[in-house]
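Quick notes on the structure that follows.
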Amino acid sequence: MIKVVFFAALREQLNCSELSLNSDQLTTVADLKTALASKDENWQQVFANNALLSAVNHDMVHSEQAIKSGDEVAFFPPVTGG
Amino acid sequence: MTTNTDAEISIQTADFSLADEVALLEQDNAIDGAVVTFTGRVRNQNEGKEVTSLTLEHYPGMTEKSLTKIINTAKERWRIGRVKVIHRVGELFIGEQIVFVGVTSKHRQDAFAANEFIMDYLKVQAPFWKKESTKQGNHWLDAKTSDENKAAKW
């Protein structure tokens, strides 16, 4: 299983802060994005946004990043702290 | 990896005291002649709107990891002594302190540069998000290209 977490505007748009997904068919962050986007029209629209950032186990990564069972993957908008 | 990074980073809802933080940076630290601090506060206006408060969200765990990396990079690039980064989360009102970066060094140039570097990278890499409340309603702030450009200059 892969734990997926969402933050800020993305969390609100999806009305979801966290979910778990079977990782058998998923080898990269891009695969995971495709799987999430196929949930429904809203998820598809949200994940069509190219500005979204992703992290695996608390490190910022690109879409080609490999993922495996037990990983925590996060999706969020560009950061605005400070 | 450097040690004692836990003490260098604090994500908290509570306010902080600039005087106390400076005192901690200076305590038993006779080798550093320079102390550079930056404090960020909630402004009353943003992009023409009257702001009433900001609500800060963060990604616990990743925030600390990301700030640790930024601090370690600063320590590799400049001859600096102590570092402290405080970032508040939750709802903050006009004039309240949001963020603190303090850096000490033997001479001022290293502390000035490292402080600005840490702040510039915090802005574009540390997972914090601001939701702005204005009299016209609430909205998440968009990231600024100018912040990306400032970080890229280093």
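Derivation of every value follows stated rules applied to the coordinates shown; laboratory data play no part. Everything numeric in this text was worked out from a predicted model, so none of it was measured. Positions of Cβ are backbone-derived with ideal geometry, glycine not excepted, and every protein chain shown enters the neighbour counts.
The table below lists the values:
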item: Computed E for B:GLN109/B:THR39 - FRET, C-beta separation, R0 22 angstrom, nearest 0.05; result: 0.60
item: Other protein chain Cβ atoms within 10 Å, averaged over every residue that makes up B:110-123; result: 1
item: FRET efficiency, A:ASP59 to B:ALA14 (Cβ-Cβ, R0 35 Å, nearest 0.05); result: 0.80
item: Per-residue HN-Hα couplings for segment B:115-125 [Karplus 6.51, -1.76, 1.60; θ = phi - 60°; Hz; x = Gly/Pro]; result: 4, 5, 4, 4, 5, 4, 6, 4, 4, 10, 10
item: In order through segment B:10-19: 3J(HN,Hα) via Karplus (6.51 cos²θ - 1.76 cosθ + 1.60), integer Hz, x for Gly, Pro; result: 9, 9, 8, 8, 5, 6, 10, 10, 4, 4
item: Summed residue charge, Cβ within 12 Å of B:SER146's Cβ, Lys/Arg positive, Asp/Glu negative; result: 0
item: Cβ-placed point charges (K, R +1; D, E -1), dipole of the protein assembly as shown about Cα centre in debye, nearest 20; result: 480
item: Rg/Rh ratio calculated on Cα atoms of chain B (Kirkwood radius); result: 0.98
item: Inter-probe distance in nm under a simple model that places probes 7 Å from Cα toward Cβ, at A:GLU18 and A:ASN42; result: 2.0
item: Cα Rg, Dmax, the protein assembly as shown, angstrom units; result: 19.2, 62
item: Cα→Cβ-extended label distance, 7 Å offset, between B:PHE93 and B:ASP28, nm; result: 3.9
item: Fewest-first sequence of B:SER53, A:SER20 by Cβ atoms within 10 Å of each Cβ; result: A:SER20, B:SER53
